[in-house]
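We did not get these values from a lab; they are worked out from the coordinates using the rules stated. None of these values were measured; they are calculated from a predicted model. Positions of Cβ are generated from backbone atoms using ideal geometry, with glycine treated the same way; all protein chains shown enter the neighbour counts.
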Amino acid sequence: MTYCVGMMLEDGLVLVSDTRTNSGVDNVSTFRKMFSWHVPGDRIITVMTAGNLATTQAVVSQLEERAKAPAERHPSILEAPTMFQVARIVGQAIRDTIAESSGQQGDQGTFGASIILAGQIKGIPPRLFMVYPEGNFIEASPETPFFQIGETKYGRPIVVRAYRPDMTLEEALRLILVSFDSTLRANLSVGLPLDIQVIPKDALRATHDRRIEESDKYFRELSTNWGTSLRAALAALPPYPESVSD
């Protein structure tokens, strides 16, 4: 399984993904799930993937090949004039890959994959999309300002309760990392390292792009402080109005 979060804010985009894949408790591996393409001064495009590993790797490889030789291989995400058109290219790549794989083996559900697509093209605001296995997609909006794929149920309540569109990028990153901490503690199919990318509005590049490893001092401190804060918040809640000990 996996867990990825993409968040749209007034100041830009914050993206975090884990790197764990598993097919049973005795077959756990680490694979990158965040991939990015950058043309200085023109665009930055990032995808995060969840689902069948062979499918997602095939889709990313297809996008990468077209990006390296856009003149020979169309359509390329580096030629698309808008992020909407980029989303159409990514959606078509997912649909074609799943159709080809399922046509060979006869089980389309086995090859399912979902992608969070984020980025900005010069002259257009940053945009965030969720791309489904069928190739269709939806775009983030004020009503749906963030997307999660993979093992979402443990971290989603935290993000839903604390998200604000005017949060700073750093505040949003802390919020997402707390949601990851809760997910890591609740589900073994999500695991470190975590990949982080922060894309400020109109920067047309990632100003923060790093990996959090098991030994990361900040993440361990955040996890410890979050647990302490939760216990303190519980203790500060109004007492239950009736006796429960009799």
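See the values below:
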{"quantity": "Most positive-pole-ward Cα, L63, S223, P81, against dipole of the chain from beta carbon charges", "calculated": "P81"}
{"quantity": "Degrees separating the helix 53-68 axis from the principal Cα axis of the chain, which is the longest one", "calculated": "50"}
{"quantity": "With Cα atoms, 0 to 90° folded angle of helix 217-236 axis to the chain main axis", "calculated": "40"}
{"quantity": "Options I121, V14, W37, ranked by Cα towards positive dipole end of segment 3-236, top entry (Cβ charges)", "calculated": "V14"}
{"quantity": "For the chain: relative contact order, % (alpha-carbon pairs under 8 angstrom, 6 or more apart)", "calculated": "26"}
{"quantity": "Debye, to nearest 20: dipole size of segment 192-246, +1 on Lys, Arg Cβ, -1 on Asp, Glu Cβ", "calculated": "280"}
{"quantity": "Debye, to nearest 20: dipole size of segment 3-236, +1 on Lys, Arg Cβ, -1 on Asp, Glu Cβ", "calculated": "280"}
{"quantity": "Sequence ranges 136-145, 30-39, 4-13, ranked by mean other-Cβ count within 10 angstrom, highest first", "calculated": "4-13, 30-39, 136-145"}
{"quantity": "Peptides ranked, highest mean first, by Cβ atoms within 10 Å: ranges 67-74, 167-174", "calculated": "167-174, 67-74"}
{"quantity": "Rounded tilt (10° steps) of 83-105 against the dominant C-alpha axis of the chain", "calculated": "80"}
